[in-house]
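Participant: If you scroll down you'll find the structure; I have some questions about it.
Nothing in this text is a laboratory measurement; each read-out follows from the coordinates by a stated rule. These numbers were taken from a predicted model, which means no experiment stands behind them. Cβ coordinates were reconstructed from backbone atoms using ideal geometry, including for glycine residues, and neighbour counts include every protein chain displayed.
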Amino acid sequence: MVATLGALHAIYVPLEVQEALPDKSTKVNLLGIWTSASDDAERLIEVVSALEAGRALCRDIGGSDPERMTPPRVYDYVNKMFINSNVKVSVITDPAIFEKDFPCLAAVNRCANVVSRHRGHLIELEYVGDGPTSNTLFLIGKGITYDTGGADIKAGGGMAGMHRDKCGAAAVAGFFKVLYEARCSSNHHIPLIFVFSLVHTSILLFRFKSFDYNVFFYYFSKKKILKLSF
């Protein structure tokens, strides 16, 4: 299995290349797998295919540039990946709801919100396997599509790779893809819910500032500003 996954990793083609150059969207036409246990070959292919589907989804979201995977376009991509599946996709985009229930997201989104393609999205994925359920597992993933640091912009080459600050969200979204492709049942009767916020840290008017941390803690304490070091 490890060798097969390694081969699949090597033949992965980045999403931007697939879309811009369709004739180069694949590196190979056929991949052969040898196993000493022929009875397990079919199951091996099923498991490996499910794992690679999740890894590809993760790489597509996490590795793509910040304009290909802006918050709205991540939502469109995820929604497409789980259409007609048992993974339910829902989204919140209302800035008023962000301000009321998600103040940290609102503080970063207030600047990006003036650019329609950068507006924040809060996406929820819900997966429920077969059988009755007694508990629910919640997963959270970081989805900063481009992290400038706000007004505290990262200098000295620190911006390189900041489009990958969404890899936490990408990884868990990929995990949900594996669950669906493998048709996993809820053996322990635990539904999974994944919530990830997607936001572009812009540096326009109303940009995020380091002092804003104090505002966050004021909101949560309701009484006073808790001054902590970061």
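Participant: Got a sec to turn the phi values of the stretch 119-127 into Karplus ³J(HN,Hα) couplings, 6.51 cos²θ - 1.76 cosθ + 1.60 with θ = phi - 60°, whole Hz, x for Gly and Pro?
Facilitator: The phi angles translate into 5, x, 10, 10, 9, 10, 10, 10, 10 Hz.
Participant: Which of the trypsin sites (Lys or Arg not before Pro) found in the stretch 62-154 are in a DSSP loop and have at most 16 neighbouring Cβ atoms, other than their own, within 10 Å? Don't jump to the answer; show the numbers that get you there.
Facilitator: On the way: sites: R68, R73, K80, K88, K100, R110, R117, R119, K142, K154; in loops: R68, R119, K154.
Taking the stretch 62-154 and a limit of 16 other Cβ atoms within 10 Å, the loop trypsin sites (Lys or Arg not before Pro) found are K154.
Participant: Let me ask something else about it. Mind checking the stretch 1-108 for chymotrypsin sites (Phe, Trp or Tyr not before Pro) that DSSP puts in a loop (not H, G, I, E or B) and that have at most 13 other Cβ atoms within 10 Å? Don't skip to the answer; put the middle values down first.
Facilitator: On the way: sites: Y12, W34, Y75, Y77, F82, F98; in loops: Y12, W34, F82.
Those satisfying the criteria are W34.
Participant: Let me ask something else. Determine the gain in length on full extension of the stretch F138-N84; use 0.36 nm per residue of separation and subtract their C-alpha separation, reporting nm with one decimal.
Facilitator: Extra length available between F138 and N84 comes to 17.2 nm.
Participant: Could you give the length gained on full extension between D76 and D101, defined as 0.36 nm per residue of separation minus the Cα-Cα distance, in nm?
Facilitator: Values: separation 25, 0.36 × 25 = 9.00 nm, distance 2.35 nm.
Extra length available between D76 and D101 comes to 6.7 nm.
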